[in-house]
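Student: Submitted below is the structure of interest, expressed as structure tokens.
The values are calculated or read from the model by the stated rules, or taken from the named source; none is laboratory data. For clarity, every value in this text was computed on a predicted model and none was experimentally measured. Positions of Cβ are generated from backbone atoms using ideal geometry, with glycine treated the same way; all protein chains shown enter the neighbour counts. To get the accessible areas, we keep the full protein, side chains included, count just its heavy atoms, and leave off ligands, DNA and RNA. Shrake-Rupley method; radii C 1.70, N 1.55, O 1.52, S 1.80 Å.
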Amino acid sequence: MGITHIGVFTSGGDAPGMNAAIRAVVRAAYYHGVRISGIMGGYEGMVHGDIRPMAVRDVSNIVQRGGTILRSARSEAFRTVEGRAQARHVLGAAGIDALVAIGGDGTFTGASLFQQEHGIPTIGIPGTIDNDLAGTDVTLGFDTATNTAMEAVDRIRDTASAHDRLFFVEVMGRTSGAIALHCGIAAGAEFVMVPERPEGIEELVSALEKASSSKSSVIVIVAEGDEEGGAYAVARKVKERYDHYDTRVTVLGHVQRGGNPSVADRVLAGRSGVAAVEALLAGRSGAMVGVVNGHVVLVPFAEAIGVRRALDPELLRVLGVLAI
Ligand code: F6P
């Protein structure tokens with residue numbers, strides 16, 4: 001028998017565009033005549049039975065909103081065999097026979113395990129501001145978060161140049177430097193510190209020494225997960241070696257996770273939601289909806305989970321050329 005009732009949920013850190021993706025999944029399900037329910041609070045709602053049938057108008061006026069109307073949570077219970085068995089029981093009682101999981105690496109790890117143990121067809125939609133999933137060019141929320149970070153750095157540049165200051169700006173990315181790198185190029189940063197590249201303090205100090213002969217203000221973007229530590233730690237280490245500039249530190253933090261999604265994220269959400277539902281109806285499972293060279297593709301979870309995505313070397317080079 002084919003799929004009759006899809007459950008959709010968001011899990012892990014929220015990302016702008018998740019609501020637009022929920023809307024797309026609900027609308028696509030209605031379009032194809034399939035029942036759809038929202039599972040609240042990610043895997044927690046699955047374990048504890050917080051499931052709400054969704055009508056087509058329940059997703060009106062959310063395409064533009066950040067956050068997630070389905071909420072998100074970390075579930076300790078779902079990490080256990082018993083918790084997942086309980087979740088299977090809950091889904092069975094609700095009549096849900098397929099899942100759309102919106103989230104990142106951790107979300108898909110759980111989904112993959114659950115599918116292997118209990119055989120429920122599942123398709124993932126990559127949603128994380130970090131853009132750190134292998135198998136897709138871009139994840140939901142990355143474009144919006146990077147624009148938010150860029151606008152903040154633009155503002156910081158105004159005051160930095162008014163006072164001839166050196167700013168260390170910390171952006172999100174516990175294991176990924178994608179926001180730092182893209183924001184660095186877009187906002188004209190002088191240097192970027194990312195976890196994927198071991199650019200030490202000495203290299204940074206040399207760049208600052210070089211910059212000091214021709215530049216009054218300098219901006220260094222530090223990904224929070226850089227091996228030298230966050231922006232405060234990097235600023236302290238630099239000051240111990242080179243004390244030329246009046247220095248300030250700004251940590252952008254969760255401001256990058258909120259806000260209205262960009263056009264790119266809304267369009268990506270729409271395409272991904274429709275593709276996820278249609279993949280399930282076509283009998284596909286155990287994969288996420290990726291975008292490769294502009295085309296929507298299905299990428300097996302196994303190719304995306306736990307694979308550390310490298311930063312584009314071309315972008316790293318461009319940053320260096322432009323920061324001269
Ligand atoms: O994974 C997305 C992300 O925003 C990371 O960039 C960041 O390190 C982390 O989530 C923050 O998580 P939390 O909201 O739990 O502090």
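Student: I'd like the carbon and sulfur percentage of the solvent accessible area for the chain, probe radius 1.4 Å, heavy atoms only, ligands and nucleic acids excluded. Before the final figure, lay out each step's value.
Tutor: Values: 7180 of 13870 Å².
Percent of accessible area from carbon and sulfur atoms in the chain: 52.
Student: Treat the range 1-159 as a sphere of radius equal to its Kirkwood radius over Cα pairs and apply Stokes-Einstein at 10 °C in a medium of 1.306 mPa s; give the translational diffusion coefficient in µm²/s, rounded to a whole number.
Tutor: Using the Kirkwood radius from Cα pairs, D works out to 98 µm²/s.
Student: Would you work out the charge dipole size for the chain about its Cα centre, treating the Cβ of every Lys and Arg as +1 and the Cβ of every Asp and Glu as -1, and quote it to the nearest 20 debye?
Tutor: On the way: 30 positive and 36 negative charges, 199 e Å.
My answer is approximately 960 debye.
Student: Residues of the chain: accessible area per residue at 1.4 Å, in Å²?
Tutor: Working: 13870 Å² over 324 residues.
Solvent-accessible surface per residue comes out at 43 Å².
Student: In whole percent, what relative contact order does the chain give with Cα contacts below 8 Å and a gap of six or more residues?
Tutor: On the way: 719 pairs, mean separation 75.9, N = 324.
Relative contact order comes out at 23 percent.
Student: Please work out the ratio of the alpha-carbon Rg of the chain to 2.2 N^0.38 Å and round it to two decimals. Kindly include the intermediate steps, with their values, before the conclusion.
Tutor: Details: Rg = 21.5 Å, N = 324, 2.2 N^0.38 = 19.8 Å.
That ratio works out to 1.09.
Student: Under 8 Å for C-alpha pairs, at least 6 residues apart: give me the relative contact order for the range 144-257, rounded to a whole percent.
Tutor: Answer for the range 144-257 is 40 percent.
Student: Sticking with this structure for a sec: Output the peptides 45-57, 269-281 sorted from most to least packed, where packing is the average of other Cβ atoms within 10 Å over each peptide's residues. It would help to have the intermediate numbers written out before the result.
Tutor: Numbers: 45-57: 17.2, 269-281: 23.2.
Descending packing order for the listed peptides: 269-281, 45-57.
Student: If you count only protein heavy atoms and use a 1.4 Å probe, how large is the accessible surface of residue 214, to the nearest 10 Å²?
Tutor: Here the accessible area works out near 100 Å².
Student: Additional query: By how many degrees, 0 to 90 and rounded to 10, does the Cα axis of helix 81-94 deviate from the longest principal axis of the chain?
Tutor: So the helix axis and the longest Cα principal axis differ by about 50 degrees.
Student: 222 nm [θ] for the chain, helices only, -39500 (n - 2.57) per DSSP H run of 4+, per residue, to 500? If you can, show how the numbers build up before the last one.
Tutor: Working: 11 runs with 136 residues, N = 324.
Helix-only estimate at 222 nm: -13000 deg cm²/dmol.
Student: Let me ask something else. Helix 178-187 sits at what angle to the longest principal axis of the chain, using alpha carbons and giving 0 to 90 degrees rounded to 10?
Tutor: Computed tilt is about 50 degrees.
Student: Just to be sure I understand: with springs between alpha-carbon atoms less than 10 Å apart, which residue in 136, 250, 128 has the highest mean-square fluctuation in the Gaussian network model of the chain?
Tutor: 250
Student: Further question: Helix 313-322 against the longest principal axis of the chain: what's the angle in degrees, Cα atoms only, rounded to the nearest 10?
Tutor: Relative to the chain, helix 313-322 is tipped by roughly 30 degrees.
Student: Can you give the Kirkwood hydrodynamic radius for the range 135-252, in Å, rounded to one decimal and based on Cα pairs? Mind dumping the intermediate values first?
Tutor: Working: mean 1/r = 0.0708 Å⁻¹.
The answer is 14.1 Å.
Student: For the range 85-159 and the range 275-292, what is the separation of their C-alpha centers, rounded to whole Å?
Tutor: A separation of 14 Å, based on Cα centres.
Student: Using a 10 Å cut-off on Cβ atoms, rank the peptides 229-239, 144-154, 77-87, 258-268 from the highest mean neighbour count down. Can you show the working numbers first?
Tutor: On the way: 229-239: 17.6, 144-154: 22.2, 77-87: 16.1, 258-268: 19.4.
By packing density, highest mean first, the sequence is 144-154, 258-268, 229-239, 77-87.
Student: Between residue 61 and residue 216, what is the FRET efficiency for a Förster distance of 41 Å, r being their Cβ-Cβ separation, to the nearest 0.05? The partial results should precede the final answer.
Tutor: Numbers: r = 46 Å, r/R0 = 1.13.
The pair residue 61/residue 216 has a calculated efficiency of 0.30.
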